[in-house]
Amino acid sequence: MATAPIVTIDGPSGSGKGTVSRAVARFASWHRLDSGALYRLVAIAGQDRGLAPDDVKRHAQAALTMEVSFLEEAQEDERVLLEGRDVTAELRSESAGAGASRVAAWPEVRQALLERQQSFARPPGLVADGRDMGTVVFPQAELKIFLTASPEERALRRYKQLKDKGSGVSLAALSREIAERDARDSTRAVAPLKAAPDAHVIDSTGLAIEEVVGRVLALGRSRSLWP
Ligand code: C5P
C-alpha cells in the first residue's frame, strides 16, 4: 500500500477536476494520476486490438497488459503514449470519453486497473482525480475533494475546452452526452460516482478555477500536506 500522502479529487465530467488536480500537483510538486485517462486508454486499446465493443474479458486483459506512459504528468501539455504511440489528441475526444464510460461499467476492467492506479502513489505525494479515487482506489487518502458544478456550466466548460482544441462539437450535443454520461456513471453497480463520506464537497459553479484551487490548497495546508 501507499507510503506517500494522497489527495483525491473526484467528480463528474466538466467539474474542473483535471485542471484543479494539475494545479495542486504542480504547486506541491507531487505526482498526478488522471484515472479517467486510463479508462479512455482501455477503450482505445480495445479498438486498436480490434475487440468487439462488448468483449469484457479481452478489454480487461487490455487494461492489464497495455503499455502506457504519461509524460510530464502535471503539465498542461502532458502527452500520453499507448504502446509507444502518441494518443494525446485521440484521448481527449468525446468518442474516447464515451468508450471509457462504457468499459468503466465493467467490474473486470475496474479490477484490472486497480493496482495500476495504486502504483501511482509514490513519494513525495500523489494527486489522483477521477470518479472513485476517494471511495475505492485510495480510501486511505489524507484529503478527499468532491468537485461538482451545475450540468449547464459543465457542458459549457467542456465546449470551450474542445473548441479551443479546434473541435466542431455543438453545445447541445455536448450537454446531451454529459447528461447521459452522468447518468451511466452514477447508476452503475460498481464504484458509482458519489462523494466519499469524508470528502469535502466543493461546488465550483460560478467560481473561478483559481478560487477552487485556493480552497483545496488551504485544506491541504490545514492538514500539513504542504507549507
Ligand atoms: O474523467 P474522464 O472524462 O476522463 O473519464 C472518462 C470516463 O471514465 C468517465 O465517464 C467514467 O465513466 C470513467 N471513469 C471511471 N472512474 C474513474 C475515472 C473515470 O469510471 N476513476
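The values are calculated or read from the model by the stated rules, or taken from the named source; none is laboratory data. Computed from a predicted structure; not experimentally measured. Quick reminder, even Gly has a Cβ in these numbers, built from the backbone with ideal geometry, and neighbours come from all protein chains shown.
Before moving on, here are some points about what is shown:
- Considering segment 176-210, the residues that are within 10 Å of the ligand (Cβ to nearest atom) and part of a loop (DSSP other than H, G, I, E, B) include one that is surrounded by the most Cβ atoms within 10 Å (Cβ to Cβ), namely Leu193.
- For segment 100-112, the count of residues that are in contact with a Leu (Cβ under 8 Å, 6 or more places away or on another chain), in contact (Cβ under 8 Å) with a residue 24 or more places away in the chain and among the aromatic types (Phe, Trp, Tyr) is zero.
- Subset of segment 28-55 (residues that are surrounded by fewer than 24 Cβ atoms within 10 Å (Cβ to Cβ), of a type in the set (D, E, K, R) and closer than 13 Å to Met66 by Cα): Asp48, Arg49
- Set Leu113, Leu91, Leu51, Leu64: member being more than 22 Å from Asp198 (Cβ to Cβ) and touching a strand residue (DSSP E or B) at 6+ places or on another chain (Cβ under 7 Å): Leu91
- Matching residues in segment 128-160 - criterion: being outside any helix (DSSP H, G or I), surrounded by 21 or more Cβ atoms within 10 Å (Cβ to Cβ) and charged (D, E, K, R): Asp129, Arg131, Asp132, Lys144
- Checked against (1) surrounded by 21 or more Cβ atoms within 10 Å (Cβ to Cβ); (2) within 14 Å of the ligand (Cβ to nearest atom); (3) not in a helix (DSSP H, G or I), Ala121 meets all criteria but (2).
- Some residue of segment 82-92 being surrounded by 14 or more Cβ atoms within 10 Å (Cβ to Cβ), near the ligand (Cβ under 10 Å from one of its atoms) and of a type outside the set (Val, Ile, Thr): yes
- Leading residue by the ranking (farthest from Ala62 (Cα to Cα)) among those in segment 17-40 that are in contact with a strand residue (DSSP E or B) (Cβ under 8 Å, 6 or more places away or on another chain) and near the ligand (Cβ under 10 Å from one of its atoms): Lys17
Results for (1) of a type in the set (Gly, Ala, Ser); (2) within 22 Å of Leu162 (Cα to Cα); (3) under 14 Å from the mean Cα position of the chain (by Cα), shown as yes or no for each residue.
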{"residue": "Lys17", "(1), (2), (3)": "no, yes, yes"}
{"residue": "Ser35", "(1), (2), (3)": "yes, yes, yes"}
{"residue": "Tyr39", "(1), (2), (3)": "no, yes, yes"}
{"residue": "Gly50", "(1), (2), (3)": "yes, no, no"}
{"residue": "Pro53", "(1), (2), (3)": "no, no, no"}
{"residue": "Leu64", "(1), (2), (3)": "no, no, no"}
{"residue": "Gln75", "(1), (2), (3)": "no, yes, no"}
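- Ser69 vs. criteria assigned to a helix (DSSP H, G or I) and under 25 Å from Thr19 (Cβ atoms): no
- Candidate set from segment 1-16 (those that are modelled with pLDDT of 95 or more and more than 9 Å from the ligand (Cβ to nearest atom)); member that is surrounded by the fewest Cβ atoms within 10 Å (Cβ to Cβ): Ala4
- Criterion (within 22 Å of Leu41 (Cα to Cα), modelled with pLDDT under 95 and within 12 Å of the ligand (Cβ to nearest atom)) met by exactly one of Arg158, Arg110, Arg154: Arg158
- Where Ala63 falls short, out of the listed (1) assigned to a helix (DSSP H, G or I); (2) farther than 18 Å from Pro107 by Cα; (3) within 16 Å of the ligand (Cβ to nearest atom); (4) of a type in the set (A, V, I, L, M, F, W, C): (2)
- Test: residue in segment 143-159 that is within 16 Å of the chain's Cα centre (by Cα) and over 20 Å from Ser101 (Cβ atoms): yes
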